[in-house]
1. Heavy atoms only, 1.4 Å probe, whole protein assembly: order A:Y59, A:Y193 by accessible area, highest first.
2. Could you order A:E359, A:E400 so the one with the most accessible surface comes first? Probe is 1.4 Å.
3. To the nearest 500 deg cm²/dmol, what mean residue ellipticity at 222 nm is calculated for the protein assembly as shown from DSSP H runs of n ≥ 4 alone, each contributing -39,500 (n - 2.57), summed and divided by the residues?
4. Going down the list A:K469/B:K69; A:K71/A:K576; A:K428/B:K69; A:K169/B:K69, which pairs span over 28 Å between their C-alpha atoms?
5. Give the long-range amide H neighbours of A:V333: residues separated by 5 or more places, or on another chain, with amide H under 5 Å away, using H modelled in the peptide plane at 1.01 Å from N.
6. Spelling out what I want: for every residue of the range B:132-146, take phi, set θ = phi - 60°, compute 6.51 cos²θ - 1.76 cosθ + 1.60 (Karplus), and round to whole Hz; glycine and proline get x.
7. If we sort A:465-471, A:582-588, A:22-28, A:210-216 on the protection proxy, mean other Cβ atoms within 10 Å, highest first, what's the order?
8. Please give the contour-minus-distance gain from A:D536 to A:S69: 0.36 nm per residue of separation, less the Cα-Cα distance, rounded to one decimal in nm.
Amino acid sequence: MALLQIAEPGQSPQPHQRRLAVGIDLGTTNSLVAALRSGLSEPLADEQGRVILPSAVRYHVDRVEVGESAKLAAATDPLNTIVSVKRLMGRGLSDVKQLGDQLPYRFVGGESHMPFIETVQGPKSPVEVSADILKVLRQRAEAALGGELVGAVITVPAYFDDAQRQATKDAAKLAGLNVLRLLNEPTAAAVAYGLDQHAEGLVAIYDLGGGTFDISILRLTGGVFEVLATGGDSALGGDDFDHAIAGWIIEQAGLSADLDPGAQRHLLQTACAAKEALTDTATVEVAYGEWKTALTREAFDALIEPMVARSLKACRRAVRDSGVELEDVKAVVMVGGSTRVPRVREAVAEAFGRQPLTEIDPDQVVAIGAAIQADTLAGNKRDGGELLLLDVIPLSLGLETMGGLMEKVIPRNTTIPVARAQDFTTYKDGQSAMMIHVLQGERELISDCRSLARFELRGIPAMVAGAAKIRVTFQVDADGLLNVSARELGSGVEASIQVKPSYGLTDGEIAKMLKDSFQHASDDKVARVLREQQVDAQRLIEAVQGALETDGDRLLDAEERMVIELQMQELSELMKGTDGYAIEQQTKRLSQVTDAFAARRLDSTVKAALAGRNLNEIEE
Amino acid sequence: MGTPCHFALFQMQPAFQLDLEQLSARYLELARGVHPDRFADASEAEQRRALEQSANLNEAYQTLKHPAKRARYLLAISGHELPLEVTVHDPEFLLQQMQWREELEDLQDSADLAGVAVFKRRLKDAQQTLNESFAACWNDAAQREQAERLMRRMQFLDKLTYEVRQLEERLDD
């Protein structure tokens, strides 16, 4: 590719390359990927122009199907089609059993405590399923942006605990994504509105999704975001609105509440359609079988009032947790499809005494904000200065102490990163080891908290009870992930653990998955190599064409020129096909036959540059 | 204290009456410089250093921001480390504590939200008065005992503030 190396003095041969980074909203129901293009953050669409990728994965014997078509298969192939996998992320087998019969999957235990779902392609962990969604988004982004990604910012709910965050990171690794940062969803939404650019003061993010509600209070000061408090209700969402309407239909139509699953699904679809229609109209016709009546927005508002009230209560609590008053909140950002419901907007406006921000599509706002942050983290400067995000930990971290009690070491809503130490002592004479049990949660009893890790500090020198001084240090990084170390201060014996969350993957499992993913990725890899070969070939063709236009007549005779043109034509033909090897070989051939031409051009460029200068000038 | 003084970190003199706006501005400025996000591309060693510095900065900021923590820190650097839990000999304040608590219980029984608001205002005033008294005596070795007593009163009022918040939450249900 000698021809490419000719450049005018003082000009770099290649324009400044923007480092490609994306923001990913890995949602329970839907996922999106967004990127900054020409200064504007926007979601990236697939070939059909769809930006939303349903978070549904269907496993076939020999392939994986992700998105809309997989979602449609959920009813016909429920065992091999995984939906809402986010609910399983970082969860143990026992947690999953608590979710109960609502999940149709067959779970099996793995090497770790993580549940695996039995599919035709063998057991799949939630991490692998999420990785399959992320892979599709990665491919979409690389196709849309035309290059490899430096990394991605992936959003997680503010309430995600250590295990859930770690699981999300593992999934990204498996999908071949470099995680620049896990970002809390509310923070991403505030960034999307550019609130960091002008507003100073408190911002509330009201996020009502399909199945969960989150409220976060952020403070903005000179381009710095501080999360003051987060809260919410993990069992409150737009789906409940559908259920409320469905219940109303059952009551009005005098149906039996005991419907078969098919009828139930149909009823919920009817209810959901009515809900969506009521966003734009005051009355909607609701029909179910023979039965038919009108549902007014007023009646709908009354149906959902208890749920709206519950969300507002959580808002008040979060505001109190922040140590501020409702009036202090300067902006309210609406996130999640369910915030399209007029009554929700109205109630939020009343509660905060101001109109909430709704201009950006509430389904896209999180991914859009994540993309902006990804771009900054990838090293691309942006206008208006850099943005800094200061997050808090959503749940308290602590240790088990005597009597099965949780001793908090870092209380919730503490700004991260943070490191904090607490001293403990032995309770028996001559005690030589101490068990450190790391917990997460707000409750007093350890049985009500979540166990994150256990490890042992050994080699404590023999002393009477209470004489040893053991300092346990907790360190939480900017992603909210925890490291714990313990040290006996007298002897200096030490033990530490990078909290592999109890429900994370064992190293063996990660290794196996990586291996599997390489095998499954062979198709991806072939496609990727082919694309690279095509790009190389295209570049060479363009360079040769350019060179022929400017210097062809001057530096080549007719025969030489014909040889080059023939080889170039051959390469153009091959590029229409998918034979990567042939393309590569032909690229080499074209490069070879243009070598002499390239050398002559280089010579003449040098000669032209030297013409009319004296020796002194050149020596300088 | 193995780490440098929290006040020095923010280029401030040890004092109880602090310009909180200035403290917060300096904090944000420093956080910009050391936050791990600024080192997303850097070597592992640099990332670790950023993490440590950032954690240290956050700790210092939290300590200086809250009056009771700041008071405790001032006493610790100007004398000796104070045990967290001690039996307090402060009969005068003990009596007042009991009054506050009784009032709070009455408010809970009557579910009186307006009453809670009034209570909160009085609590704030009491905290303000305490802060002023502490500011006047902490730096005087002769009044050390009084300063420690005031600091413990501050801690108690913090706890009471937390209880009021919990009460508000219960009344909200």
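The values are calculated or read from the model by the stated rules, or taken from the named source; none is laboratory data. Only a predicted model underlies this, so the values are computations on that prediction, with no experimental measurement involved. Glycine gets a Cβ as well: all are built from the backbone with ideal geometry, and neighbour counts include every protein chain shown. These accessible areas exclude ligands, DNA and RNA; they are computed on the full protein's heavy atoms, side chains included. Shrake-Rupley method; radii C 1.70, N 1.55, O 1.52, S 1.80 Å.
1. A:Y193, A:Y59
2. Order by accessible area, largest first: A:E359, A:E400.
3. Dividing the helical sum by the residues of the protein assembly as shown leaves -15000 deg cm²/dmol.
4. Numbers: A:K469/B:K69 24 Å; A:K71/A:K576 34 Å; A:K428/B:K69 34 Å; A:K169/B:K69 36 Å.
Flagged as over cut-off: A:K71/A:K576; A:K428/B:K69; A:K169/B:K69.
5. A:A204, A:I205, A:Y206, A:L357
6. Result, rounded to whole Hz: 5, 4, 5, 4, 6, 10, 4, 8, 10, 4, 5, 9, 3, 4, 4.
7. So the order, starting with the most tightly packed, is A:22-28, A:210-216, A:582-588, A:465-471.
8. That works out to 164.7 nm of additional length.
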